[in-house]
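A.B. asks: To start, I am sharing the structure in question, which I have written as structure tokens.
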Amino acid sequence: MLDLLFSVLSSACIFIAFKLFPKYKVYTLYGIIVNYATAASLGLLFYFQEEQTAWPESMPWIWGCLVLGVLFIVIFNLMARTAQEIGVGIASVATKMSLVIPVLFGLIFLKETVSTIQIGGIVLALAAVYMITAPGSTKQSVSSKTLWLPLLIFLGSGVIDTSINFIREGYLTDTLFPLFSCLVFAVAAVSGIVFSGLQRGHLPRPKLRDLAGGIALGIPNYFSIYFLLRALNMDDWGSATIFTLNNVAIVVLTTLIGIFLFKERLRLMQSLGILLALTSIVLLAL
């Protein structure tokens, strides 16, 4: 249970860091690259502390790390832009409501059975995402030009959650969690460096505050994945329950942070969407 709590708190810190980047003039791309380098370093450190052996002889999950690493850098950039331009609550909900994707994956491809109530929860979740992100649902102006941001986050985060759970279920042991996280974050860092290299000449010179911001982001980012992997290994609860509890807690916590810490205001449609989102997650848990 503590693993799940730590994952939720770490994820909330990620959104806070994104929101504070503009205030402290941290250039988002540099901060994200440093963040992944920091997270990869932590993963390597914890792996050799826990495993205390050499590199594993076989790593059939390495290809998953490559794909996830690229997805991470893309989705993180979208999350940062959404939190800064639209709101931290919307960025959180778009990310966490994506749990419908791993549920659908289990239903269609893994032939898992779901109840009528859970199917209703999936439908409500999709409706909630639309209500929360649709133009006019927030105090900020959400036009058709910015609507694609939370929608892509929704899809990308769902693919990431599904892939992580699939790899964990089929290939990982507890001692490999830090190494798996390390390699995913390392690929994400390299992808970010390549991306910034392609834009060389259009980017500002890196500053010390970019390094500091990236480290502050990378620490909770690593632990959000590490503790989620540990929580998913709990014997008493299935992955659907873990993802549900994790997502709803993050949605509630980051939305409250947006309201009380960053003075974000909710309009009626957005408030109803969040209530609908919570209802759908409860139904999925059943």
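The values are calculated or read from the model by the stated rules, or taken from the named source; none is laboratory data. From a predicted model like this one, the values you see are computed outputs, not experimental measurements. For neighbour counting, all protein chains shown are included, and Cβ atoms are generated from backbone atoms with ideal geometry for every residue, glycine included.
A.B. asks: What pairs can you find where one residue is in region 185-204 and closer than 14 Å to F76 by Cβ, the other is of a type in the set (S, T, Y), and their Cβ atoms are less than 8 Å apart, with a gap of 6+ or different chains?
C.D. replies: F185/Y36; F185/Y222; A188/Y36; A189/Y36; G192/Y36; S196/Y30
A.B. asks: Against the condition assigned to a loop (DSSP other than H, G, I, E, B), closer than 21 Å to A39 by Cβ and at pLDDT 85 or above, how does P220 come out, does it pass?
C.D. replies: It is false that P220 is assigned to a loop (DSSP other than H, G, I, E, B), closer than 21 Å to A39 by Cβ and at pLDDT 85 or above.
A.B. asks: Is it the case, given these coordinates, that S41 is closer than 15 Å to I225 by Cβ, surrounded by fewer than 24 Cβ atoms within 10 Å (Cβ to Cβ) and in contact with a Ser or Thr (Cβ under 6 Å, 6 or more places away or on another chain)?
C.D. replies: no
A.B. asks: Additional query: Please work out which residue is farthest from the chain's Cα centre (by Cα), limiting yourself to region 153-180 and to residues that are within 22 Å of A39 (Cβ to Cβ), among the aliphatic types (A, V, I, L, M) and assigned to a helix (DSSP H, G or I).
C.D. replies: L176
A.B. asks: Would you confirm whether or not region 10-32 contains a residue that is of a type in the set (D, E, K, R), farther than 24 Å from L261 by Cα and out of contact with any Gly (no Cβ under 6 Å at 6 or more places or on another chain)?
C.D. replies: Looking for residues that are of a type in the set (D, E, K, R), farther than 24 Å from L261 by Cα and out of contact with any Gly (no Cβ under 6 Å at 6 or more places or on another chain), one finds none in region 10-32, hence no.
A.B. asks: Just the residues that are charged (D, E, K, R) and free of Cβ contacts under 8 Å to residues at least 12 places away in the same chain, please, taken from region 205-218.
C.D. replies: R205 - this is the single residue of region 205-218 that is charged (D, E, K, R) and free of Cβ contacts under 8 Å to residues at least 12 places away in the same chain.
A.B. asks: Here's a follow-up. Of all residues in region 181-202, how many are in a helix (DSSP H, G or I) and either touching a strand residue (DSSP E or B) at 6+ places or on another chain (Cβ under 7 Å) or among the charged types (D, E, K, R) (or both)?
C.D. replies: Of the residues in region 181-202, 0 are in a helix (DSSP H, G or I) and either touching a strand residue (DSSP E or B) at 6+ places or on another chain (Cβ under 7 Å) or among the charged types (D, E, K, R) (or both).
A.B. asks: Hey, does region 240-247 have a residue that's among the hydroxyl-bearing types (S, T, Y), buried (at least 22 other Cβ atoms within 10 Å of the Cβ), assigned to a helix (DSSP H, G or I) and at pLDDT below 85?
C.D. replies: Within region 240-247, one or more residues are among the hydroxyl-bearing types (S, T, Y), buried (at least 22 other Cβ atoms within 10 Å of the Cβ), assigned to a helix (DSSP H, G or I) and at pLDDT below 85.
A.B. asks: Please verify whether R209 is of a type in the set (K, R), in a loop (DSSP other than H, G, I, E, B) and modelled with pLDDT of 80 or more, treating the condition exactly as stated.
C.D. replies: It is false that R209 is of a type in the set (K, R), in a loop (DSSP other than H, G, I, E, B) and modelled with pLDDT of 80 or more.
A.B. asks: Name, by its number, the condition in (1) modelled with pLDDT of 70 or more; (2) assigned to a helix (DSSP H, G or I) that does not hold for I132.
C.D. replies: Among (1) modelled with pLDDT of 70 or more; (2) assigned to a helix (DSSP H, G or I), the lone unmet condition for I132 is (1).
A.B. asks: Is there a residue in region 251-269 that is under 25 Å from S163 (Cβ atoms) and either assigned to a loop (DSSP other than H, G, I, E, B) or touching a Ser or Thr at 6+ places or on another chain (Cβ under 6 Å) (or both)?
C.D. replies: Checked region 251-269: at least one residue is under 25 Å from S163 (Cβ atoms) and either assigned to a loop (DSSP other than H, G, I, E, B) or touching a Ser or Thr at 6+ places or on another chain (Cβ under 6 Å) (or both).
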